[in-house]
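The structure appears below as structure tokens.
The values are calculated or read from the model by the stated rules, or taken from the named source; none is laboratory data. This is a predicted model, so every value here is computed, not measured. A quick note on method: Cβ atoms are made from the backbone with ideal geometry, for glycine too, and the neighbour counts reach across all protein chains shown.
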């Protein structure tokens, strides 16, 4: 069985272990602190280069300090390859400069049986960054916790609903963290981007995945991982989450000062009362 090698180390994040470890720990230390007292069922996190979205992602992952999970499931979009369905990598692990994170074979098998659109395949995984960039944060926050990497080759409504149902069915009575990997609007002027992203944040905080899906379909808002966001929100709600709190929002213009064409980043937590 194959190990999925790091594809974007040195591009999206440092390729040297010592530098990457220090950088991720610094993000986790400096990220905005938000108190969540309940059980965290899921996170929404961005997937750009760490220099752009690292602080936003860290606002979500720092919430995991002191918490434990049997496994995590990361759902990302496919940026480079279209395919009809949702793929789970068939190998044994994903590798980053921080080491290998094992793929939970039992959980993977249950998900693959849950719906015919969920397949074991390397499609969408080989060069895809949306899952990979979550792992250094997951590795530092949850140590050796195994995970399942899913990539949506298509994000149409039917697949969002199928994935949400599969996740909620398989994770029922299991201590699993769901992670949706997504950036928001792309390459609009700063003020326009903030307006577009604000509408996404409003639906996220109001826990309205159905409204968000409708707006994505009508192209009223943008999120490159809109399907993962909707699927994870629906699944987390079915698993008991009743709150969704936006933790941190910014865009690339806030980081670089270049505001002619920016990309939006959001982190949020899906949780239920203790």
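The residue list 41, 62 contains one member that is touching a strand residue (DSSP E or B) at 6+ places or on another chain (Cβ under 8 Å), outside any loop (DSSP other than H, G, I, E, B) and under 16 Å from residue 268 (Cβ atoms), which is 41.
Return yes when residue 133 is in a helix (DSSP H, G or I) and over 20 Å from residue 73 (Cβ atoms) and no when it is not. Answer is no for this residue. Of the residues making up region 250-274, those that are closer than 23 Å to residue 50 by Cβ and part of a loop (DSSP other than H, G, I, E, B) number 5. Do you know which residues across region 63-85 are more than 15 Å from the chain's Cα centre (by Cα) and within 19 Å of residue 120 (Cβ to Cβ)? Result: 81, 82, 83, 84, 85.
Only a single item in (1) under 22 Å from residue 84 (Cα atoms); (2) free of Cβ contacts under 8 Å to residues at least 60 places away in the same chain; (3) touching a strand residue (DSSP E or B) at 6+ places or on another chain (Cβ under 6 Å) is not met by residue 183, and it is number (2). Tallying residues that are crowded, with 22+ Cβ neighbours inside 10 Å and either closer than 14 Å to residue 248 by Cα or modelled with pLDDT under 95 (or both) within region 36-46 yields 4. Taken together, 108, 80 contain a single residue that is without any contact (Cβ under 8 Å) to a residue 60 or more places away in the chain and under 27 Å from residue 187 (Cα atoms), which is 80. Looking only at residues of region 13-32 that are touching a helix residue (DSSP H, G or I) at 6+ places or on another chain (Cβ under 7 Å) and in a loop (DSSP other than H, G, I, E, B), we find that the one that is surrounded by the fewest Cβ atoms within 10 Å (Cβ to Cβ) is 32. With respect to the conditions (1) in contact with a helix residue (DSSP H, G or I) (Cβ under 8 Å, 6 or more places away or on another chain); (2) more than 12 Å from residue 228 (Cα to Cα), residue 157 lacks only one, and its number is (2). None of 127, 161 is over 17 Å from residue 70 (Cα atoms), in a helix (DSSP H, G or I) and under 18 Å from the mean Cα position of the chain (by Cα) except 161.
Those residues that are crowded, with 24+ Cβ neighbours inside 10 Å and over 19 Å from residue 9 (Cβ atoms), I need them from region 136-150; list them, please. Result: 148, 150.
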